[in-house]
1. For the residue pair Asp185 and Ser112, what label-to-label distance in nm results when each label sits 7 Å from Cα along the Cα-to-beta-carbon direction?
2. What full-extension length gain, to one decimal in nm, is calculated for Asp61 and Val43 as 0.36 nm per residue of separation minus the Cα-Cα distance?
3. Of the heavy-atom accessible surface of the chain (probe 1.4 angstrom), what whole percent is carbon and sulfur?
4. May I ask which residue of Ala117, Gln239, Ser278 lies farthest towards the positive end of the charge dipole of the chain, with charges of +1 (Lys, Arg) and -1 (Asp, Glu) on Cβ and the Cα centre as origin?
5. If I build a Gaussian network model for the chain, linking alpha-carbon pairs within less than 10 angstrom, which residue out of Phe219, Phe233, Phe44 has the largest mean-square fluctuation?
6. Which of the DSSP-defined H helices in the chain satisfy a minimum axial length of 20 Å, computed from C-alpha atoms, and a minimum mean Kyte-Doolittle hydropathy of 0.5?
7. Largest first and in whole Å, give the semi-axes of region 72-155's equivalent ellipsoid, each being the square root of 5 times a Cα gyration tensor eigenvalue.
8. Just to confirm my numbers, what's the Cα centroid distance between region 103-178 and region 35-96 in Å?
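The values are calculated or read from the model by the stated rules, or taken from the named source; none is laboratory data. For clarity, every value in this text was computed on a predicted model and none was experimentally measured. So basically every Cβ, Gly included, is an ideal-geometry build from the backbone, and we count neighbours across all protein chains shown. All accessible areas refer to the heavy atoms of the entire protein, side chains included, with ligands and DNA or RNA removed. Shrake-Rupley method; radii C 1.70, N 1.55, O 1.52, S 1.80 Å.
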Amino acid sequence: MTTTVTNAKSAKTLFSYTPGRTMKRLLQDRLGMFCLVGLMFFVFIGVLAQFWTPKDPSAQDLLNRLESPSAEYWLGTDAVGRDILSRLMVATGVDLAAAALAVGIGIVAGASLGLMAGYFGGALDSFTSRVSDVLMSLPPLLFAVAIVGALGPSLTNAMIAIGVLLAPRFFRLVRVSTREIISEDYVEAARSGGAGPIRIVARHVAPNIVSPLLIQISFGASVAIVAESGLSFLGLGVQPPTASWGSMVKEGFDNLAINGWTIIPSSVMIVVSILLLSLFGDSLRDAVGSQGGSKA
């Protein structure tokens with residue numbers, strides 16, 4: 001009985017302080033915090049664009065087509081004279097929303113099934129694992145093109161396809177983490193104390209998978225941004241006149257011989273966002289890993 005109580009107290013202490021230790025180590029990582037601030041700035045730009053932009057992003061000025069940066073148009077104009085800065089701000093919100101949609105689908109489908117498969121095992125585990133293996137073996141871009149071709153070209157359909165492809169990655173992560181956690185002594189102690197599956201998952205499993213799940217989310221978001229850009233470049237993502245980074249790269253590419261500048265702003269946004277997400281994911285992984293090493 002004493003051992004059971006001790007294990008339960010240890011588990012409670014672990015769950016109470018694990019997120020705090022991870023955050024403390026992350027706050028000490030200057031690169032990680034720089035990336036987080038950069039990502040928050042992107043979010044701010046995307047939200048701001050819903051209420052204000054320097055110019056109307058859809059207004060055309062045919063007399064100033066394909067202009068380089070100037071006092072009136074800070075980042076120049078596109079092929080029909082629209083302000084690139086204003087469209088870039090709108091595109092930032094579109095791409096972030098698209099990434100959130102794809103990652104959300106991946107989490108809902110993948111993490112929930114991974115949690116059930118890892119906890120209950122058996123036939124459910126075998127079946128979902130085989131489905132995950134099949135999805136992981138499919139060429140991502142070709143699968144996304146096939147889904148969009150069947151459902152019709154749109155940003156929502158494109159992100160549904162990407163979300164389905166992200167789901168197996170979340171599934172594997174959560175399944176493995178769940179199986180490791182439920183084999184721990186403190187979980188056995190909780191079962192001995194009469195705790196049911198819902199209570200065990202809520203109090204013991206879920207808090208321990210948050211950190212690795214956040215790491216996977218950061219990398220999944222970068223994958224979603226790359227996929228959205230590629231599909232929009234092919235005309236299978238956002239449809240005109242809506243702007244996204246990928247569609248703006250396509251517009252700049254079509255007019256590369258006339259004014260090569262127009263392709264640069266959207267390309268830089270794609271590269272910087274992916275770099276920030278990747279580096280932040282590395283910092284978060286280091287924070288979680290260092291914490292695990294300190295406890296060992």
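1. 3.6 nm
2. The Asp61-Val43 span can extend by a further 3.6 nm.
3. 68 percent
4. In the chain, that residue is Ala117.
5. Phe44
6. 30-48, 84-106, 155-182, 206-233, 264-295
7. Calculated on Cα positions only, the semi-axes equal 40, 16, 9 Å.
8. Cα centres, region 103-178 to region 35-96: 34 Å.
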